[in-house]
Amino acid sequence: MSLSARDQAALWHPFTQHQTAAIPVPIVSGKGAYLVDENGKRYLDLISSWWVNLHGHSHPAIAKAIYEQAMTLEHVIFSGFTHEPAVQYAEKLLAILPSQFTKVFYSDNGSTATEIGLKMAYQYWRNQGQDKRRRFMAFERGYHGDTVGAMSVGKSVGFYPAFHDLLFSVDMFPYPATWLNDENVEVKEQETLNKIAQYLDQHAAETAAFILEPLVQGAGGMNMCTPRFLQKLEKLLRAHDVLIIYDEVMVGFGRVGADFACIKANTVPDIICVSKGITGGFLPLAATICQEKIYQAFLGDTFAKALAHGHSYTANPIGCAAALASLELLKQSEPQRAMIEKTHQQEIANMAARVAVEKPRYCGTIAAFELNLGGYGSAASRTLQNRFVEKELLIRLLGNTIYFLPPYCITEAELKKAYKIVAEEIQGVIA
Ligand SMILES: Cc1ncc(COP(=O)(O)O)c(C=O)c1O
C-alpha cells in the first residue's frame, strides 16, 4: 500500500475536509527550501511548512543541537526543576526583545502561548482585586489558535461556527487592513481608533486586555496594518490601563524584517506570545513573555495567586536546544531577510501589472494579494492549489488570498521563478 493510502486509512488531518480534500502528498525528506516526495519530486516551500521553518529544512546546525541535547537530557519536569537550555534560551530571547520584558513562560504551541497570555492578563487584574476587568478586546479576522480561549478571541475569523456556544464573549473591532497605494488607510485607521476610544470610555474599567497580531494577521488572510496605527492604538490602550497582548506566533523571529513586530512597530506590549519559528520548525515549543509588573502581580504567600498553568512538555530541553541553535542562525539571516523583502517589493508590483490581483501588499518577508476565487474551498481555489502542487510549489491558499512566506534560505532566483510560475498558473485558471 502507498504511504498516501496508508495515511487515508489511519489518519485524520488538521483543518481538512476529508471528503473533498486532495490525497495528501507523501513527503520523505527536506533540504533547504525544498521538500521531496516519495517519487523524488521536489517542492519549493513558499509557506515555510505552516509558517514554522526559518532557515531551511533539516538544517544541520539545529539537527546537531537536537542530537547532542537528546544524548544529554531529554526531559525533566519543569515545576521545581530547571536546566541550562531553558535558562539560556530565556536569557537570549529577553536580550533581543525590548528591555521591559523580563520573564519567559514556556509552553508548546501557538495556541497555548496565546491561551497563557489571556490567562495571565485575566488573573493579573484578579490578583490585584480588580475582578471587574474581565472583558477581552480583539480584531475582526484575528486568529490566535484553536483552544477554547484562543478560539474565543479569534472567533470572527470564521472557522468555528460549531463551537460558538462554547466560547466566551469578546468585543471585536474592525482591523484597518492596508495594501500598496491604499489611499484610504488613514481614514480606516481613524475610524477604528474612534470605535475603540468610544468603547474604552464606557468599558475600560471592565476590560482586561486587547489581543492582536501586530502588523500582519495570518490565518485571517495576511491582512497588514501600519506601525503608525499600532503606535496610536498603544497610546489609547495605555491611557485606559488596558493590557496589550501581542500574538507574534506567526510574525516573530524575523518574518516582518525586524526580529519581532513590536520592534518594527516601535511599540511595547505587556505580553508577547511566540511559537512557530522559535525552533526553526524542528520541534513544538512556545513562549509567553511578559513585563515585570505582570510577573510581580502573581507573587504571594499562597498558591491562589500563582499561574495555574503547565504542560508535560513545558520547556522541553531538546526544544530549547533547537531554539538556541535557531536563534544563532536568525542573527546571521538579516541579509537574506532584506533580499526577500526587496524581491517581494519588485515582484508583487510585477504581479499586479500582469494579473488581475487585488490589494497587493508585503511586510518584511511576507507578501500577499487577493484573487477573485470564490473563497474558502471554492472549485477555483482548489484547482489553483492543485496546479501549484503540480508545478512543484508548496503554496496554501487562504480563501481568496495567495501569499508567500518562504524560509530565509530561499534564493532570489528561486523566489523570482516562483512568482513567475504563480502568475502563469493564475492566468490559466482565471482567464
Ligand atoms: C498568529 C497565530 N497565533 C496562534 C496560532 C496558533 O498556533 P498553533 O497552530 O501552533 O497552535 C497561529 C497558527 O497559525 C497563528 O498564526
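So which of Ser29, Ser4, Ser49 ends up being modelled with pLDDT of 95 or more and assigned to a helix (DSSP H, G or I)? Give the steps one after another, and end with the answer.
Values: Ser29 fails: assigned to a helix (DSSP H, G or I); Ser4 fails: modelled with pLDDT of 95 or more.
Criteria check complete, one pass: Ser49.
Across region 35-51, what is the number of residues that are crowded, with 20+ Cβ neighbours inside 10 Å and in contact with a Phe, Trp or Tyr (Cβ under 7 Å, 6 or more places away or on another chain)?
Step one: filter region 35-51 for residues crowded, with 20+ Cβ neighbours inside 10 Å, giving 35, 43-46, 48, 51.
Adding the requirement that they be in contact with a Phe, Trp or Tyr (Cβ under 7 Å, 6 or more places away or on another chain) leaves 35, 43-46.
Matching residues across region 35-51 total 5.
Could you go through region 91-105 and let me know if any residue there is in a loop (DSSP other than H, G, I, E, B), of a type in the set (A, V, I, L, M, F, W, C) and modelled with pLDDT under 95.
Keep residues of region 91-105 that are in a loop (DSSP other than H, G, I, E, B), which gives 97-100.
Next cut, of a type in the set (A, V, I, L, M, F, W, C) only: 97.
From what's left, modelled with pLDDT under 95: none.
Taking every residue of region 91-105 in turn, none turns out to be in a loop (DSSP other than H, G, I, E, B), of a type in the set (A, V, I, L, M, F, W, C) and modelled with pLDDT under 95.
Residues that are in contact (Cβ under 8 Å) with a residue 24 or more places away in the chain and surrounded by fewer than 16 Cβ atoms within 10 Å (Cβ to Cβ), at least 2 per element: which strands (runs of 3 or more DSSP E) completely within region 168-275 meet that?
Working: elements: 171-173, 207-212, 243-247, 271-274.
Filter on region 168-275 gives an empty set.
Taking Arg133 as meeting all but one of (1) within 23 Å of the chain's Cα centre (by Cα); (2) buried (at least 17 other Cβ atoms within 10 Å of the Cβ); (3) not hydrophobic (A, V, I, L, M, F, W, C), write down the number of the exception.
Unmet condition: (1).
Can you name every residue in region 101-152 that is over 20 Å from Ile289 (Cα atoms) and of a type in the set (Lys, Arg)?
Lys132, Arg133, Arg134, Arg135, Arg141 - these are the residues of region 101-152 that are over 20 Å from Ile289 (Cα atoms) and of a type in the set (Lys, Arg).
From the residues in region 115-138 that are more than 12 Å from the ligand (Cβ to nearest atom) and touching a His at 6+ places or on another chain (Cβ under 8 Å), which one is nearest to Phe260 (Cα to Cα)? Let's see the steps before the verdict.
Our first condition is that a residue be more than 12 Å from the ligand (Cβ to nearest atom); within region 115-138, this holds for 119-137.
Still in the running and touching a His at 6+ places or on another chain (Cβ under 8 Å): 119, 135.
On the way: Lys119: 22, Arg135: 27 Å.
My answer is Lys119.
Do we have His55 as in a loop (DSSP other than H, G, I, E, B), in contact with a Ser or Thr (Cβ under 9 Å, 6 or more places away or on another chain) and not basic (Lys, Arg) here? Working first, answer last.
Numbers: in a loop (DSSP other than H, G, I, E, B): yes; in contact with a Ser or Thr (Cβ under 9 Å, 6 or more places away or on another chain): yes; not basic (Lys, Arg): yes.
So His55 passes the test.
Restricting attention to region 230-253, and to residues there that are more than 22 Å from Arg135 (Cβ to Cβ) and either away from the ligand (no atom under 15 Å from the Cβ) or acidic (Asp, Glu) (or both), which single residue is farthest from the chain's Cα centre (by Cα)?
Applying the first criterion (more than 22 Å from Arg135 (Cβ to Cβ)) to region 230-253 yields 231, 248-253.
Remaining after also requiring either away from the ligand (no atom under 15 Å from the Cβ) or acidic (Asp, Glu) (or both): 231, 248.
Numbers: Gln231: 20, Glu248: 6 Å.
Per the stated criteria, the residue is Gln231.
So His309 clears everything in (1) outside any helix (DSSP H, G or I); (2) within 18 Å of the chain's Cα centre (by Cα); (3) not small (Gly, Ala, Ser) except one condition, right? Which one?
Of (1) outside any helix (DSSP H, G or I); (2) within 18 Å of the chain's Cα centre (by Cα); (3) not small (Gly, Ala, Ser), only one is false for His309: (2).
I'm checking my understanding of the structure. Among residues of region 3-51 that are touching a residue at least 40 places away in the same chain (Cβ under 8 Å) and basic (Lys, Arg), which one is farthest from Arg255 (Cα to Cα)?
For region 3-51, the residue satisfying everything is Lys41.
Among what's in region 144-171 and is within 24 Å of Asp241 (Cα to Cα) and out of contact with any His (no Cβ under 7 Å at 6 or more places or on another chain), pick the residue that is nearest to the ligand (Cβ to nearest atom). If you could, list the steps in order and put the result at the bottom.
Within region 144-171, the first condition is being within 24 Å of Asp241 (Cα to Cα), and the residues that meet it are 144, 149-150, 152-154, 168-171.
Next, only the ones that are out of contact with any His (no Cβ under 7 Å at 6 or more places or on another chain) stay: 144, 149, 152, 168-171.
Values: His144: 5, Gly149: 11, Ser152: 13, Phe168: 17, Ser169: 20, Val170: 15, Asp171: 19 Å.
Result: His144.
I need every pair where a residue in region 323-340 that is farther than 11 Å from Thr279 by Cα has its Cβ under 7 Å from the Cβ of a residue that is among the polar types (S, T, N, Q), sequence separation at least 6 or different chains.
Here the result reads Arg337/Thr365; Ile340/Thr365, each pair linking region 323-340 to a residue that is among the polar types (S, T, N, Q).
Any idea which of Arg361, Arg337 is outside any helix (DSSP H, G or I), within 18 Å of the chain's Cα centre (by Cα) and surrounded by 14 or more Cβ atoms within 10 Å (Cβ to Cβ)?
On the way: Arg337 fails: outside any helix (DSSP H, G or I).
Checking each option against the conditions leaves just Arg361.
For region 339-355, does any single residue satisfy the condition of being touching an Asp or Glu at 6+ places or on another chain (Cβ under 6 Å) and farther than 25 Å from Gln100 by Cα?
The answer is yes; a qualifying residue exists.
Consider region 100-114. How many of its residues are within 14 Å of the ligand (Cβ to nearest atom) and either hydroxyl-bearing (Ser, Thr, Tyr) or more than 14 Å from Asp146 (Cβ to Cβ) (or both)?
Narrowing region 100-114 to residues within 14 Å of the ligand (Cβ to nearest atom): 106-114.
Cutting the leftovers down to either hydroxyl-bearing (Ser, Thr, Tyr) or more than 14 Å from Asp146 (Cβ to Cβ) (or both) gives us 106-107, 111-112, 114.
Matching residues across region 100-114 total 5.
For region 262-285, how many residues meet the condition of being within 11 Å of the ligand (Cβ to nearest atom), more than 11 Å from the chain's Cα centre (by Cα) and among the aliphatic types (A, V, I, L, M)?
1
The values are calculated or read from the model by the stated rules, or taken from the named source; none is laboratory data. Note that the structure is predicted; figures quoted are calculated from it, not measured. No Cβ is skipped: glycine too gets one built from the backbone with ideal geometry, and neighbour counts run over all protein chains shown.
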